[in-house]
Amino acid sequence: MSGSGDDIVSPFGPLQTELARMRRSNLTAAIQDVDKIIEYLVAAREQVAAADADSHRISMAMTTLQNPVKDRLDAITNDLKDVNKAQRGFGKALDKALPHRELPMETDAMADHPALINRAIAMHLVREGQFSVASTFVRESRDHPLPSWDPWSPRTARTDEDGDDDMIQEDGEEEEDHRHGANDYPEDLQGQFAEMYSLLSELRNRNLGPAIKWARQNNSRLEATGSNLEFELCKLQFVWLFKGSEVNGLPDDENNGRMGALNYARDHFARFQTRHLKEIQQLCGAMVYAPNIEKSPYRHIFQINSAFEDVSTSFTREFCSLLGLSAESPLYVAVTAGSIALPRLIKYTTYMKEKKTEWTTENELAFETPLPPSMIYHSIFVCPVSKEQTTEQNPAMMLPARGTSAPTAPQKAI
């Protein structure tokens, strides 16, 4: 899994293009056309009711209604055609990016762990905010027990060789259960992720107050991890107030605008002076350039086109970090990484079978896994000779060569 990954061309480029096209071709226009037809019909009904049995007026109302309704029905048909076309294009791109081919594998590594797969799916649903779907999935997994251990119960009953039922504590004896985090039930996390999505919804609506309150309540835990989330939220709140009612839509009083931003800084920035004094000075110094902030040295601070999206991403990352979870769903990362890497593995395995040769080493592959930089989470060095990854027991070493140093290589490659 080494390598920079800069030269990797993702096979999902066309798929992402079609996905973006499908998102643009939604049912919004069709729904608007339907609402317009309803308006026409309601207006015509009122005209007919007001006609008081006047056949001429009723006839005129119905005649006037005919063409607008027909135009809107034609518009709905065209809207649906665009949606269907986008869906068909996405389906074709999906089939091309993920062809239905059997993997040339003799064994399925996850065949003996269906409970872990179910758990990963449930956790993914919870992390995506699909709480009702996750609850249904967990309930059905309990109603239909798997042949292996059940990861949803606090204690797992397992029959040993002598036929006795041994109760295994997940946080104690069974290392596999502990290693896979079997104590982290999706049900327990559901409330926490519901809170996270509620706060994210407020952030997307440009309401920073609830997120700042949460960050202040968890300040000690955030600072222990080196997080600057609370200050970043307060900084954005200062800028948001500084923009004034014409931008933020808040009431035009002493709590908004430049004076509101200055009052906010006096009330909240003092506690951040130890770590963020320079940034606080820049924010307050920008007051001098308030009439023409766009041409001031501080203009980059007040450009917030993507600020709320960026702080939402940071908030999600820090929230998940306090829960001991990664910001990205492990299931999503695993599926995406596998989709990128498997085509090359399939090609290599097929080639080896055609040549009637095999890669006999169990712990290494003959090539690097072609993952993009975003999926390389720590530095890995692979010996170009033996294809082994360096470990603490087999670290990389410098090989002297006539006063110069050769490339780093593991001990076994010497």
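Listing for the model above:
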quantity: Helices (runs of 4 or more DSSP H) contained entirely in the stretch 196-313, each with at least 3 residues that are under 24 Å from Leu325 (Cα atoms); calculated: 209-217, 219-224, 229-243
quantity: Residue that is nearest to Gly226 (Cα to Cα) [pool: residues in the stretch 286-328 that are polar (S, T, N, Q) and open to solvent by less than 40 Å² (accessible area, probe 1.4 Å)]; calculated: Ser314
quantity: Set Ser245, Ser227, Ser220: member being of a type in the set (S, T, N, Q), open to solvent by less than 80 Å² (accessible area, probe 1.4 Å) and out of contact with any Pro (no Cβ under 8 Å at 6 or more places or on another chain); calculated: Ser227
quantity: Qualifying positions in the stretch 112-146 - open to solvent by less than 30 Å² (accessible area, probe 1.4 Å) and of a type outside the set (A, V, I, L, M); calculated: Arg119, Arg127, Gly129, Ser141
quantity: Subset of the stretch 108-142 [in a loop (DSSP other than H, G, I, E, B), free of Cβ contacts under 8 Å to residues at least 60 places away in the same chain and in contact with a helix residue (DSSP H, G or I) (Cβ under 7 Å, 6 or more places away or on another chain)]; calculated: Met110
quantity: Candidates Glu232, Glu254, filtered to the one that is open to solvent by 50 Å² or more (accessible area, probe 1.4 Å), in the same structural domain as Thr313 (by the TED database) and more than 29 Å from the chain's Cα centre (by Cα); calculated: Glu254
quantity: Complete set of residues in the stretch 376-410 that are at pLDDT below 55 and over 28 Å from Ala341 (Cβ atoms); calculated: Gly403, Thr404, Ser405, Ala406
quantity: Some residue of the stretch 308-316 being without any contact (Cβ under 8 Å) to a residue 24 or more places away in the chain and of a type in the set (Phe, Trp, Tyr); calculated: no
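The values are calculated or read from the model by the stated rules, or taken from the named source; none is laboratory data. Everything numeric in this text was worked out from a predicted model, so none of it was measured. Virtual Cβ from ideal backbone geometry, glycine too; neighbours counted across all protein chains shown. Surface areas here come from the heavy atoms of the whole protein model, side chains and all, with no ligands, DNA or RNA. Shrake-Rupley method; radii C 1.70, N 1.55, O 1.52, S 1.80 Å.
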